[in-house]
Amino acid sequence: MLGGLCVSPAWAAPGDHIRAGEATITPSVMTGLEFHSNVYLADGGTGAPEIPALAWVLKPRLKLSLDGRSAKLGFDAGYGLKKYIDLAPDDGFFPENLDRYSDFDAQLALSILPKSVVGARVDNKFESQGTPSELPTQDEVASASIVHTGNDLLAGAVVRPGSALNVEALGMLGVDSYTVPDVLVSETSGAYNDRLQYGPQVNASWKFLPKTSLISSFSYSVIDWDKNFVEAVGTEVEGGNVGEYLGKPDATGWRLTAGVTGQFTPKLAASGSVGFGQLAYDEQSVIDAAQGVPGSSAELDVAG
């Protein structure tokens with residue numbers, strides 16, 4: 001707060017961003033204080049207490065846009081810092097183990113030859129985000145956050161045989177990694193599981209009015225878990241037994257959607273779509289992974 005008072009404000013009208021040739025750069029920063037009455041997200045089922053805490057949040061962000069003849073580029077990246085302040089230092093709990101210094105996300109949207117009959121499209125989204133676990137550990141050093149790191153890539157060719165029709169033949173690749181607090185697992189590393197998802201996707205749009213289009217999309221995906229049979233982590237629920245292991249089956253799925261979007265009248269803009277899809281789980285992938293694990297059985301409850 002003192003630092004903010006010492007900085008002279010720079011006033012700018014809407015749209016007055018940093019411009020470098022055809023590129024527009026938009027920096028921003030958000031900071032503030034957050035109060036959490038239940039910082040560990042305790043739901044009462046495990047008997048864990050609700051711990052309150054105050055947190056200082058800092059989120060700088062940078063946006064870049066480029067609108068050229070041969071390419072259009074949009075880039076958006078942000079960093080997140082969250083520092084917790086213990087409101088009850090003598091209660092034996094340490095909300096500081098929820099401090100986050102590595103939250104980061106970035107999105108890239110690239111269109112190559114946007115006015116040509118044949119072009120290309122690349123969309124990429126990266127995210128590393130921590131979320132509190134229901135783990136009010138009495139260790140001020142151990143982390144109590146579950147960290148998800150993922151990257152989703154969508155890329156391929158774009159065909160425009162006419163001014164009204166647009167067809168995209170794309171490929172999708174998604175990678176997800178999950179890390180849990182070390183104190184929850186018996187292994188030496190908190191690396192819990194990884195997931196790979198990939199497949200083709202076809203999008204089509206037909207503009208039957210100047211600002212209104214029929215849209216459709218079809219995708220097929222394959223989901224492949226690194227570990228199909230993993231140790232169940234977390235505190236035991238009162239009055240129940242969640243078991244020692246958790247099955248994560250591989251799967252295949254498809255989805256089809258269709259709809260309409262656009263400007264129907266000078267004062268009415270709307271969009272709507274309907275869709276249907278299926279996801280088929282491979283239970284055998286869990287059964288095979290459970291072979292030889294002490295305490296496992298050939299008859300397993302498989303979680304999707």
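Number of residues in the stretch 244-260 that are surrounded by 14 or more Cβ atoms within 10 Å (Cβ to Cβ) and outside any strand (DSSP E or B): the value is 2. Considering only the stretch 65-90, state which residues are over 23 Å from G130 (Cα atoms), open to solvent by less than 60 Å² (accessible area, probe 1.4 Å) and at pLDDT below 90. Selection gives G68, A88. Of the residues that make up the stretch 35-42, is at least one modelled with pLDDT under 95, under 30 Å from L170 (Cα atoms), open to solvent by 30 Å² or more (accessible area, probe 1.4 Å) and hydroxyl-bearing (S, T, Y)? There is no residue in the stretch 35-42 that is modelled with pLDDT under 95, under 30 Å from L170 (Cα atoms), open to solvent by 30 Å² or more (accessible area, probe 1.4 Å) and hydroxyl-bearing (S, T, Y). Note on the stretch 138-180: among residues that are over 20 Å from D123 (Cβ atoms) and of a type in the set (V, I, T), the one that is surrounded by the fewest Cβ atoms within 10 Å (Cβ to Cβ) is V141.
Just to verify a result, which residue in the stretch 181-194, among those that are more than 18 Å from the chain's Cα centre (by Cα) and open to solvent by less than 50 Å² (accessible area, probe 1.4 Å), is modelled with the lowest pLDDT? If we take residues in the stretch 181-194 being more than 18 Å from the chain's Cα centre (by Cα) and open to solvent by less than 50 Å² (accessible area, probe 1.4 Å), then G190 is modelled with the lowest pLDDT.
Screening Q278, Q201, Q263, Q197 for residues that are at pLDDT below 90 and either of a type outside the set (K, R) or open to solvent by less than 80 Å² (accessible area, probe 1.4 Å) (or both) leaves exactly one candidate, Q263.
The values are calculated or read from the model by the stated rules, or taken from the named source; none is laboratory data. All values reported here derive from a predicted model rather than from experimental measurement. Using ideal geometry, Cβ is built from the backbone for each residue, glycine included, and neighbour counts are taken over all protein chains shown. We work out accessible area using only protein heavy atoms, side chains counted, and drop any ligands, DNA or RNA first. Shrake-Rupley method; radii C 1.70, N 1.55, O 1.52, S 1.80 Å.
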